[in-house]
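Read through the structure below, which is laid out as structure tokens, and then see the notes.
Derivation of every value follows stated rules applied to the coordinates shown; laboratory data play no part. As the structure is a computational prediction, the values presented were derived from the model and not from experiment. Note that we place each Cβ from the backbone using ideal geometry, even for glycine, and neighbour counts take in every protein chain shown.
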Amino acid sequence: PGPAGSGVGGARARLSLYAAAALRITSVVRVRAARSTLSLGLWSVEGSGTRSGPSSGMLQDDDARQDDDARRAALDKARAHYDAGRYDEAAAALPGDAGDGSNDDVLLAGAVAFRLKRWQRCASLCLRAIDRDPAFAEAYGNLANALREMGDPERAKRLYLKAISLKPRFAAAYENLAATHLALGETDAAAECYAAALHADPADEATRVRL
């Protein structure tokens, strides 16, 4: 898959599929604002002059914040492994609840699953992201990738077109649709899609060579 996405700063790795085609999956990378740290040293001075410690609510908030920071660190580590092509390490670094996080996190988990050829897992995560955000183009594109690998190229083509309708300059979706057409022997349709991909991303020399 693979996760927004490269359209929102994501790095898109390549995966060989057919002799004359390549599959691109989108994984989203967003720049997050630095989180300020809340100090626990918030003490109130009572009339007696004694100091009371932080309330249980404050401690719970800080515990939750630390858990969130640890989770984000794990996701960042998984993303770094993914970008470097270390997909087993990326899977190991993902927190157990990555599939329940933000759509960016779900797309990353789906992209990792795709690279490890866990097509059903990838499809399930993409569907979860789409259920939350029906306009999430990258999730449709990655779902199409998974379905194509699962032997359903016709449905995959429809999903690539859905992704493109949501994001008209989605070069990766055009390329993957072209590769699907090519694998089915639909060379004219493949050429049209490669041309559209090149129009969307003129700097992509690999697409220029295929065209």
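Packing, as the average of other Cβ atoms within 10 Å across residues, places the peptides 73-79, 136-142 in the order 136-142, 73-79, highest first. Check the straight Cα-Cα distances from LYS157 and name the lysines below 21 Å, setting aside those fewer than 8 residues away within the same chain. Within reach: LYS117, LYS167. Packing, as the average of other Cβ atoms within 10 Å across residues, places the peptides 104-113, 200-209 in the order 104-113, 200-209, highest first.
At a Förster distance of 35 Å, what's the computed FRET efficiency of ALA70 paired with ASP133, Cβ-Cβ distance as r, to 0.05?
Once the sixth-power term is evaluated, E becomes 0.85.
Paramagnetic label reach from GLU89 (point 7 Å along Cα→Cβ; backbone nitrogen cut-off under 20 Å): within segment 101-124, residues 108-117.
Take the alpha carbon gyration tensor of segment 134-188, find the square roots of its eigenvalues, order them as a ≥ b ≥ c, and report rounded if a/c is under 1.5; if not, report prolate when a/b exceeds b/c, else oblate.
Details: a/c = 2.32, a/b = 1.38, b/c = 1.69.
Verdict is oblate for segment 134-188.
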